[in-house]
Amino acid sequence: MLESQLQALAASAQQRIDAAASPDALEAVRVEVLGRKGALAEVSKGMGKLTPTDRVRIGKLLNSTKTTLESALDARLKSFADAALAARLDAEWLDVTLPAPGTRPGALHPLTRIQQELEDLFTSMGVAVLDGPEVESEYNNFDALNIPPDHPARDMQDTFWLSSGQCLRTHTSPVQVRGMAKLGPPLLMIAPGRVFRNEEVDASHEHTFYQLEGMMVDRNVSIAHMLYFMRTLLKHIFNREVTVRLRPGYFPFVEPGFELDIQCLICNGSGCPVCKQSGWVELLPCGLVHPNVLRMGGIDPDRWGGFAFGLGLTRLVMMRYGIDDIRWLQSGDLRFLRQF
Ligand code: FA5
């Protein structure tokens, strides 16, 4: 009698477990069947009236029914949890390889790009790349370059002086001085870097801009060596013929001195604000190193000679990319920067 009652109870509980639509419904079945006042507990109350033999048999059946139903409940509960997890993974699916929305890949600033291109070119030719500080001594920026204190050439470059007596370097030429001390003759070096001048800003003049110094010291250095380096540089950057002109130029640290101008690539020589309507842009002043400069650098000018140039790197970048106003370069304007 108890036996058939148990079997019927197990069968109906199993049906309800299978049919349960939610974990809550399952919990209700668990309480009603296996709970302290549940159906199984009710059946077990009849055990007292059984013979000892039946009690053992029914006791076992009771226990196995309980275990079976508990397993069925657990399995069904797990299937609910699995389904919930699968649904969540489906809904929250994320491709971690996709770029985050709203971000764009960065790019090198055009100045950095050209500077690196030139460093690679010159390094491949065996040229040393040197660095110098932006805060320089008056001696390195002027005196050692043959510009003594009262020399009128000091006014050629409006200088930001610091209360320490030092200055923000007005050109990369002081790295010539450092290069001679560091490398000694013979030497072949370039020095790209940022320079500062206290001057009026316009389409082709910034107070903060970049130059790239070049210097060679060796036996029998001539203007032909200098022109070879400068031509190689321009060919590498423009990858085509560009029109240049060489004219005499005065810099106290070279003798003779030259100015190499490039035909303005913004207006193709017809005149615009960048070239101040002249059709030409001053790009690459240069010359043979003045004997005084070699001497102050500890190099005997009777045994060694040299050339030096001071490329206007920021202007070169303008010509290369057709940038019609120097102020774009340090504007931080993303509309400008995203073009590179
Ligand atoms: C010099 O600075 C010399 N140290 C260059 C030199 C080196 C001559 C070695 C001889 C031998 P200059 O002041 O002309 O020269 O500047 C060099 C270049 O820097 C110019 O041709 C120009 O391209 C660039 N430049 C000068 N002033 C500015 C400015 N305010 N903004 C942007 N570029 C400038």
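For this structure, a couple of remarks:
- Other residues within the sphere of radius under 14 Å centred on the Cβ of residue 298, judged by their own Cβ, net out at +2 (K and R +1, D and E -1).
- In percent, rounded to a whole number, the relative contact order of the chain is 14, using alpha-carbon pairs under 8 Å and six or more apart.
- Computed about the Cα centre, the dipole magnitude for the chain is approximately 1740 debye when only Lys and Arg (+1) and Asp and Glu (-1) carry charge, each at its Cβ.
- In terms of packing, defined here as the mean over residues of other Cβ atoms within 10 angstrom, the peptides 209-215, 179-185 line up highest first as 209-215, 179-185.
- Distance from the C-alpha centroid of the range 8-50 to that of the range 224-250: 96 Å, rounded to the whole angstrom.
- Cross-link check: pairs 45/78; 235/276; 49/78 evaluated at a Cα-Cα cut-off of 29 Å; pairs beyond the cut-off: 45/78; 49/78.
- Spatially, the range 92-161 and the range 59-85 are offset by 73 Å when compared through their Cα centroids.
- Angstrom value of the Kirkwood radius, inverse mean 1/r, which spans all Cα pairs in the chain: 26.6 Å
- Annotation note: trypsin sites (Lys or Arg not before Pro) in the range 1-107 located in DSSP loop regions with a Cβ neighbour count of at most 12 within 10 Å are 36, 37.
- Each of 318, 264, 299 was placed along the dipole of the chain (beta-carbon charges, centred on the mean Cα), and the one lying farthest toward the positive end is 318.
- The range 33-173 - Debye-derived log10 I(q)/I(0), Cα point model, q = 0.09, 0.10, 0.18, 0.22 Å⁻¹: -0.65, -0.72, -1.12, -1.25
- Counted by Cβ distance under 10 Å from residue 273, the other residues give a net charge of -2, where Lys and Arg count +1 and Asp and Glu count -1.
- Modelled FRET efficiency - R0 35 Å, residue 218 with residue 143, Cβ distances, 0.05 increments: 0.90
- Comparing 201, 221, 43 in a Gaussian network model of the chain, where Cα atoms under 10 Å apart are tied by springs, the biggest mean-square fluctuation is seen for 43.
- Within the range 174-205: backbone nitrogen closer than 18 Å to the residue 117 label point (7 Å, Cα to C-beta): 191-193
- The range 143-191 shape via C-alpha gyration tensor axes, a/c threshold 1.5: prolate
- Per DSSP, loop GluC sites (Glu not before Pro) in the range 47-151 with at most 10 further Cβ within 10 Å: 92
- Taking Cα atoms only, the orientation of helix 23-34 departs from the longest principal axis of the chain by about 30 degrees.
- Shape class of the range 2-91 from the Cα gyration tensor (axes a ≥ b ≥ c, square roots of the eigenvalues): prolate, since a/c reaches 1.5 or more and a/b is larger than b/c.
- For the range 264-338, applying the loop criterion from DSSP together with a ceiling of 13 other beta carbons within 10 Å to the trypsin sites (Lys or Arg not before Pro) yields 303, 338.
Only the coordinates and a few stated rules stand behind these numbers; no lab work does. Just so it is clear, the structure is predicted and the values come from calculations on it, not from any experiment. FYI the Cβ positions are ideal-geometry reconstructions off the backbone, even for glycines, and counts take in every protein chain you see.
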